[in-house]
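To start, the structure itself, in structure tokens.
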Amino acid sequence: MTAKTTKQDKATDSATTAAETMVAAGQEALRNFTKASTESYENAFTGIRDKAGDLVQGYDEIAATGKENMEILSAAGTAYGKGVEVIGGEWMNFAKKMMDTNVQVTKAILGAKSLNEVMDLQSEFVRGSFDGLMAQSTKIGELATKVAQDAAEPINAQFTATVEKWHKNAA
């Protein structure tokens, strides 16, 4: 019976070794599968995280650009409003000056001794009024040009900065 027992022991040892080898191979296959799955998962979600981060950064940039644009439009509007106020003030001063001149000429005409004196006063008044109007129009034109430049300055600066930014991003 000893020979039989030894054969049985050898068979049991051989079966045990085969089972252990199969278990070890199964465990190794499971480890490899787990490792490959984890790497695939990490790669996939890293890409998604990166894209999500890019989207958030893109949104932040768009929001910041929108805010900058609103501030620039506000600055341009403020410059325009101040310019229009200055132009309005100039026109009001001119109108007041013209009214004062009209009153003075009217008094002078009413105090004139002859028709020739009235005609001379009237001619002087018309010439002075025309010259004043031309000078005032030139002044207002210069102010309007300055207002347009001041109002456009922040917009031009933002436009230039945006084009430079696009140029950098394209390069």
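May I ask which residue of Ala135, Phe33, Thr145 lies farthest towards the positive end of the charge dipole of the range 13-171, with charges of +1 (Lys, Arg) and -1 (Asp, Glu) on Cβ and the Cα centre as origin?
Ala135
Write down the Å³ per residue value for the convex hull defined by the alpha carbon atoms of the range 1-158.
Considering the Cα atoms of the range 1-158, their hull volume per residue is 81 Å³.
From the C-alpha gyration tensor of the range 126-171, pull out the three semi-axes of the equivalent ellipsoid (sqrt of 5λ each), sorted largest to smallest, in whole Å. Don't skip to the end; give the middle numbers.
Numbers: eigenvalues 377, 8, 3 Å².
They are 43, 6, 4 Å, listed largest first.
Tell me the relative contact order for the chain as a rounded percent, counting alpha carbon contacts under 8 Å between residues six or more apart.
Working: 44 pairs, mean separation 57.4, N = 171.
Answer for the chain is 34 percent.
Hey, got the dipole for the range 39-156? About the Cα centre, +1 on K and R Cβ, -1 on D and E Cβ, debye to the nearest 20?
Numbers: 11 positive and 18 negative charges, 197 e Å.
That gives the range 39-156 a dipole magnitude of about 940 debye.
Counting only heavy atoms of the protein chains, get the accessible area per residue of the chain (1.4 Å probe) and round it to a whole Å² value.
80
Could you rank the peptides 12-19, 78-85 by their average count of other C-beta atoms within 10 Å per residue, with the highest value first?
Sorting 12-19, 78-85 by mean packing, highest first, produces 78-85, 12-19.
From the cross-link list Lys96/Lys139; Lys51/Lys165; Lys107/Lys139, which pairs have alpha carbons spaced over 19 Å apart?
Pairs exceeding the cut-off: Lys51/Lys165; Lys107/Lys139.
Would you tally the net charge around Gly77, using a Cβ to Cβ cut-off of less than 13 Å, leaving Gly77 out, and scoring K and R as +1, D and E as -1?
-3
With the full set of protein chains in place, find how many percent of the accessible area of the chain is carbon and sulfur; take the probe as 1.4 Å.
Numbers: 8600 of 13640 Å².
Using a 1.4 Å probe with all protein chains present, the chain comes out at 63 percent carbon and sulfur.
The values are calculated or read from the model by the stated rules, or taken from the named source; none is laboratory data. What you see is a predicted model; the values in this text were computed from it and never measured. Virtual Cβ from ideal backbone geometry, glycine too; neighbours counted across all protein chains shown. With ligands, DNA and RNA removed, areas are computed over all heavy atoms of the protein, side chains included. Shrake-Rupley method; radii C 1.70, N 1.55, O 1.52, S 1.80 Å.
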